[in-house]
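Comments concern the structure below.
Please treat every number below as a calculation from the coordinates, not as lab data. Since we're looking at a predicted model, the values are computed, not measured. Here Cβ is always computed from backbone atoms with ideal geometry, including for glycine, and neighbour counts include all displayed protein chains.
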Amino acid sequence: MASSAPHRVLLEFEYESPDRARLVERCVRQEVGEIAGDRTRATVRRDGATLAVDVVADDLVALRAGLNTWCTLVEVAEGLSEPRRDGAREPSEDTA
């Protein structure tokens, strides 16, 4: 992929606390560079309670696929980091 891909979208996700944002970030960060394809790439960063995923692509089809992938990854990570309502304890951050 060219160093300056012509298509870019910055996704920002706001959380109620930096701890929750950190948990989601840790879940999705491990996928950076692991997703097959050479037309799209992404970077993940966090600033306090805000998680940012920057998706860049060579073409619009690749951009749409990349956005679908990263939105799904964040959605799954959010579900895994949700506070439990059944009173059970959450796993510690070291095991997340």
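Observations, loosely collected:
- Matching residues, the range 34-60, being in contact with a Gly (Cβ under 7 Å, 6 or more places away or on another chain) and hydroxyl-bearing (S, T, Y): T40
- Considering residues of the range 32-51 that are loosely packed, with under 15 Cβ neighbours inside 10 Å and under 15 Å from E12 (Cβ atoms) only, the residue farthest from the chain's Cα centre (by Cα): G48
- Selection within the range 32-66 - part of a helix (DSSP H, G or I) and touching a residue at least 24 places away in the same chain (Cβ under 8 Å): L60, A62, L63, A65, G66
- In the range 53-72, the residues that are within 15 Å of the chain's Cα centre (by Cα) and surrounded by fewer than 15 Cβ atoms within 10 Å (Cβ to Cβ): N68, C71, T72
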